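Visitor: Okay, here's the structure, questions in a sec.
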Amino acid sequence: MSNLWDVANTYSVSKHDRLLNEIANIREYVISYLNENHKKIWSRSKFGTLAECDYINNNISETFNSWVDDIRYKLVLDLLDAIREKLMERFDKKNEIWVNFNCRKWQVTGILCVHAAAFIAFTKEPSWDKYVDTYFTVDKFKEAYALEIGSMPGKDQWVHIETVDKIYPPIIKRPPGRPKKNRIVPHDEFKKRHRCPRCGMYGHHQKTCKNSARQGFDEASSSNRLELKYNH
């Protein structure tokens, strides 16, 4: 009966009871048969919320029997030990798959990588902040700079001690080449592109611009520069 299948599939308790009453009005013996032979939970409307599973068939049992295979015929202790070994192999296999799920940038930096961000966006998760490490929050920023550095006496207040031995600074041999003063820029850091104030294109300066001046763009840029200079 299709109605009986609908009873088993529905998640609503009220719909479950209504469909059963409809079946009882047509074939009352069906309800008697169910009450006598199927006293266990067989409808989704009676499932709890802790199992996180809505199967109303024995697919899980059949899958387990197929996975166990011939070891099901062993003695109980041998069966349990064989299942333990199969579980260890399965856990190890799944762990290898899990390791390759992400690029580890999220785990190392504490900031979402593109892979994690794409997945979270796909799930339409509204609370993005819970996926970023607390070290990047405003509270942690305040906490990092909340400590006070104790004051120290000036050099003229130091205790003068006469000593025979003098301690000189170490001799440092200057390495060849010009010392680097700028920080090393990461390859994935966003680089600000220079925009020509004459034509509005990127990649060159106004003095070397060979493009035709965009009407109104140069005047607006000059006005913005003058306004910025005046405000400063």
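Visitor: Within the range 111-206, what is the number of lysine pairs with alpha carbons under 21 Å apart, leaving out pairs fewer than eight places apart on the same chain?
Guide: Lysine pairs satisfying the spacing and distance rule in the range 111-206 number 7.
Visitor: Heavy atoms only, probe 1.4 angstrom, no DNA, RNA or ligands counted: give me Asp129, Asp78 ranked by accessible area, highest first.
Guide: Working: Asp129 115, Asp78 85 Å².
The most accessible residue leads, giving Asp129, Asp78.
Visitor: While we're looking at this one, here's another question. If you place +1 on the Cβ of every Lys and Arg, -1 on the Cβ of every Asp and Glu, and leave all else neutral, what size is the dipole of the range 1-79 about its Cα centre, to the nearest 20 Debye? Walk me through the numbers on the way to the answer.
Guide: Working: 9 positive and 11 negative charges, 49 e Å.
Result for the range 1-79 is approximately 240 debye, rounded to the nearest 20.
Visitor: Let me ask you something else. Report, ordered by chain and residue number, the aspartates and glutamates lying within cross-link reach of Lys207, taken as a straight Cα distance under 14 Å and ignoring same-chain residues fewer than 8 apart.
Guide: Excluding near neighbours in sequence, the set is Asp218.
Visitor: Among the helices of the chain (complete DSSP H runs), which have Cα atoms covering no less than 15 Å along the helix axis and a Kyte-Doolittle mean of at least -1.0? Mind showing how you got there, number by number?
Guide: Numbers: long enough: 13-26 (20 Å, -0.27); 76-99 (34 Å, -0.29); 217-231 (21 Å, -1.16).
Counting only whole DSSP H runs, the qualifying helices are 13-26, 76-99.
Visitor: Continuing with this model, one more query. With the cut-off at 23 Å, report for the chain the share of all Cα pairs above it, as a whole percent.
Guide: Working: 21860 of 26796 pairs.
Tail of P(r) above 23 Å: 82 percent of Cα pairs.
Visitor: Additional query: In deg cm²/dmol and to the nearest 500, what is the mean residue ellipticity at 222 nm of the chain if only DSSP H runs of at least 4 residues count, each as -39500 (n - 2.57), divided by the residue total?
Guide: -13500 deg cm²/dmol
Visitor: Calculated FRET efficiency, Ile149 and Met201, Cβ-Cβ r, R0 45 Å, to nearest 0.05?
Guide: On the way: r = 49 Å, r/R0 = 1.08.
The value I calculate is 0.40.
Visitor: Which shape class, rounded, prolate or oblate, goes with the range 144-205 when its Cα gyration tensor gives a ≥ b ≥ c as root eigenvalues, a/c under 1.5 marks rounded, and past that a/b bigger than b/c marks prolate?
Guide: Details: a/c = 3.71, a/b = 2.12, b/c = 1.75.
Verdict is prolate for the range 144-205.
Visitor: Computed FRET efficiency, Cβ-Cβ of Ile60 and Glu28, R0 35 Å: what is it to the nearest 0.05?
Guide: Numbers: r = 33 Å, r/R0 = 0.94.
Efficiency, from the Cβ-Cβ distance: 0.60.
Visitor: Okay, moving on. Can you tell me the FRET efficiency between Lys181 and Ala117 if r is taken as the Cβ-Cβ distance and R0 is 45 Å, rounded to the nearest 0.05?
Guide: Values: r = 35 Å, r/R0 = 0.77.
So the FRET efficiency works out to roughly 0.80.
Visitor: Which distance in nm do the two modelled labels at Gln107 and Trp128 give, with both placed 7 Å along the Cα-to-Cβ direction?
Guide: For the pair Gln107/Trp128, the computed spacing is 2.4 nm.
Visitor: Also, quick follow-up: Compute the relative contact order of the range 1-108 as a whole-number percentage, counting only Cα pairs closer than 8 Å that sit 6 or more residues apart in sequence. Write down the numbers at each step before the final one.
Guide: Values: 51 pairs, mean separation 21.2, N = 108.
That works out to 20 percent.
Visitor: Among Ile149, Gly48, Asn35, pick out the residue whose Cα is farthest towards the positive end of the charge dipole of the chain, where Lys and Arg carry +1 and Asp and Glu carry -1 on C-beta, about the Cα centre.
Guide: Farthest towards the positive pole: Ile149.
Visitor: Got a number for the accessible area of Cys209? Probe 1.4 Å, square angstrom, nearest 10.
Guide: Only protein atoms counted, so the area is about 20 Å².
Visitor: Please report, in debye to the nearest 20, how large the charge dipole of the chain is about its Cα centre when each Lys and Arg carries +1 at its beta carbon and each Asp and Glu carries -1 there. Don't skip to the answer; put the middle values down first.
Guide: Working: 38 positive and 30 negative charges, 418 e Å.
Dipole size: approximately 2000 debye.
Visitor: Also, I was wondering about something else. Expressed as a rounded percentage, what relative contact order does the chain have, with Cα pairs under 8 Å and six or more residues apart?
Guide: Values: 108 pairs, mean separation 16.8, N = 232.
Across the chain, relative contact order equals 7 percent.
Visitor: Compute, for Thr123, the solvent-accessible surface of its heavy atoms (probe 1.4 Å) with the complete set of protein chains present, and express it in square angstrom to the nearest 10.
Guide: Approximately 70 Å² of Thr123 is accessible to the 1.4 Å probe.
The values are calculated or read from the model by the stated rules, or taken from the named source; none is laboratory data. Keep in mind that this is a model prediction, so the values were computed, not measured. We place every Cβ from the backbone using ideal geometry, glycine too, and count neighbours over all the protein chains shown. To get the accessible areas, we keep the full protein, side chains included, count just its heavy atoms, and leave off ligands, DNA and RNA. Shrake-Rupley method; radii C 1.70, N 1.55, O 1.52, S 1.80 Å.
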